[in-house]
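A.B. asks: Handing you this structure, nothing more for now.
The values are calculated or read from the model by the stated rules, or taken from the named source; none is laboratory data. This one's a predicted model, so the numbers in the text were calculated from it and none came from an experiment. In this analysis, Cβ positions are derived from the backbone assuming ideal geometry, glycine residues included, and neighbour counts consider all displayed protein chains.
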Amino acid sequence: MNVHSTHTAANGSTHRHLLGIEDLSREDVFRILDRAMFYIENNRHQDKKHPILKGRTIINLFYENSTRTRTSFELAGKRLGADVINMTVASSSVKKGETLIDTAMTINAMHPDCIAMRHPESGACHLLAQKVNCSVINGGDGMHEHPTQALLDALTIMQHKGKIEGLQVAICGDILHSRVARSNIKLLNMLGAKVRIIAPPTLMPSCPESFGVEPFHDMRKGLKGCDIIIMLRLQLERMEGNFIPSVREYFHFWGLNEEKLSYAKPDALIMHPGPINRGVEIDSKLADDLNRSVILQQVEMGVAVRQAALEFLLHDHG
Ligand code: CP
């Protein structure tokens, strides 16, 4: 286990957290992915319970909208036998002005074992981890990281390609605002993939080479010979000002369609973290093409990976 994955909170307690990919060693990653494979099978049975976390309490604290991440943390916790509470921020005392720290201390007083948090500010999960006496999992913080998304993406790739090392992976679209891109770049680099990022100049971070990737501003050149294509949503909620001339023009240059896809390898997989915007970053027919698109399989992998991550943090101290 990587030393960074255990943090000492301000109150002196030490717990395992999953705040970013740096919290994991290569060994940790393979341990989580191996265990997730067990949960994939287990989740396909009628009886999905594997109650190793019986008696534990997990709180979902989501300050931003979510369908996949919040639901899969809830399912993951329940299938592991934990009690799972979904705190709906919109109907909580956050709306009366309670700060993140006061909310954290309030939840902490109820003795949870784990908090899975999503927050619009980068670094909010690190702050939470300093304040509470339990494990914290980052379910997406601003433009910073979304580590369980990267793990589920890696698991999806492993399921189809049997490996990650040496694969050519293209991440395309709004790289600038994407926490999914940041976590994926770190994890894919750690696992030996060759990562390209493809984006218009306005949506490309500055000094992209410093991320250990090959940047492209031309979709066809960037997709040439790729094994994996990860399309990203335009993160309109993080944009102040105009980053694209129009949605129509964005789709023309940066949207994935059959013609642009033909530059990738014939067996290239199409991935997308969701939610997808049909006709904006991806052609609707391609998104639904079960021979190429693994978008719904990513959702399935999300539950298994979150079960494995919860086990890793709360149960598996070997
Ligand atoms: N991929 C992802 O994080 O989806 P949600 O926003 O629905 O959780």
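A.B. asks: Mind checking which pairs have a first residue in the range 56-84 that is free of Cβ contacts under 8 Å to residues at least 24 places away in the same chain and a second that is among the polar types (S, T, N, Q) and buried (at least 20 other Cβ atoms within 10 Å of the Cβ), Cβ under 9 Å, 6 or more apart or different chains?
C.D. replies: Hits for this filter: E74/N60.
A.B. asks: Quick one: is N108 away from the ligand (no atom under 14 Å from the Cβ) and under 12 Å from L61 (Cβ atoms)? If you could, list the steps in order and put the result at the bottom.
C.D. replies: Working: away from the ligand (no atom under 14 Å from the Cβ): yes; under 12 Å from L61 (Cβ atoms): yes.
In short, yes.
A.B. asks: List the number of the failed condition for A90; all other conditions in (1) within 16 Å of the ligand (Cβ to nearest atom); (2) without any contact (Cβ under 8 Å) to a residue 24 or more places away in the chain; (3) under 18 Å from V180 (Cβ atoms) hold.
C.D. replies: That leaves (3) as the condition not met.
A.B. asks: For A154, state whether it is more than 13 Å from the ligand (Cβ to nearest atom), assigned to a helix (DSSP H, G or I), among the hydrophobic types (A, V, I, L, M, F, W, C) and in contact with a helix residue (DSSP H, G or I) (Cβ under 9 Å, 6 or more places away or on another chain).
C.D. replies: yes
A.B. asks: Among the residues of the range 64-79, which ones are of a type outside the set (S, T, N, Q) and either within 8 Å of the ligand (Cβ to nearest atom) or modelled with pLDDT under 95 (or both)?
C.D. replies: Of the residues in the range 64-79, the ones of a type outside the set (S, T, N, Q) are 64, 68, 70, 73-79.
E64, R68, R70, listed by residue number.
A.B. asks: Let me ask something additional. List the strands (runs of 3 or more DSSP E) inside the range 194-312, counting only whole elements, that have at least 3 residues being of a type in the set (A, V, I, L, M). Please lay out each step first, then the result.
C.D. replies: Details: elements: 194-198, 214-216, 228-231, 269-271.
Strands (runs of 3 or more DSSP E) meeting the threshold: 194-198, 228-231, 269-271.
A.B. asks: Filter the range 142-169 for residues that are touching a residue at least 60 places away in the same chain (Cβ under 8 Å) and among the basic types (K, R) and give the result.
C.D. replies: Of everything in the range 142-169, just one residue is touching a residue at least 60 places away in the same chain (Cβ under 8 Å) and among the basic types (K, R), namely K161.
A.B. asks: What number of residues in the range 146-195 are surrounded by fewer than 24 Cβ atoms within 10 Å (Cβ to Cβ) and touching a Cys at 6+ places or on another chain (Cβ under 8 Å)?
C.D. replies: 1
A.B. asks: What is the one condition in (1) more than 14 Å from the ligand (Cβ to nearest atom); (2) within 30 Å of L188 (Cβ to Cβ); (3) not in a strand (DSSP E or B) that M143 does not satisfy?
C.D. replies: (1)
A.B. asks: On to the next question. Restricting the search to the range 70-92, which residues are of a type outside the set (K, R) and more than 17 Å from P112 (Cβ to Cβ)?
C.D. replies: Filtering the range 70-92 for residues of a type outside the set (K, R) gives 71-77, 80-92.
Within the range 70-92, T71, S72, L75, A90, S91 meet the criteria.
A.B. asks: Looking at the range 225-284, which of the residues that are within 13 Å of the ligand (Cβ to nearest atom) and loosely packed, with under 14 Cβ neighbours inside 10 Å is farthest from the chain's Cα centre (by Cα)?
C.D. replies: E237
A.B. asks: Can you find, within the range 1-28, the residue that is farthest from M158 (Cα to Cα) among those that are modelled with pLDDT of 95 or more and assigned to a loop (DSSP other than H, G, I, E, B)?
C.D. replies: Result: H17.
A.B. asks: Criterion first (touching a Lys or Arg at 6+ places or on another chain (Cβ under 6 Å) and on the phi < 0 side of the Ramachandran plot) does D218 satisfy it?
C.D. replies: Numbers: touching a Lys or Arg at 6+ places or on another chain (Cβ under 6 Å): no; on the phi < 0 side of the Ramachandran plot: yes.
The answer is no for D218.
A.B. asks: Can you tell me how many residues within the range 196-211 are in contact with a Leu (Cβ under 9 Å, 6 or more places away or on another chain), surrounded by fewer than 19 Cβ atoms within 10 Å (Cβ to Cβ) and not polar (S, T, N, Q)?
C.D. replies: Of the residues in that region, 2 qualify.
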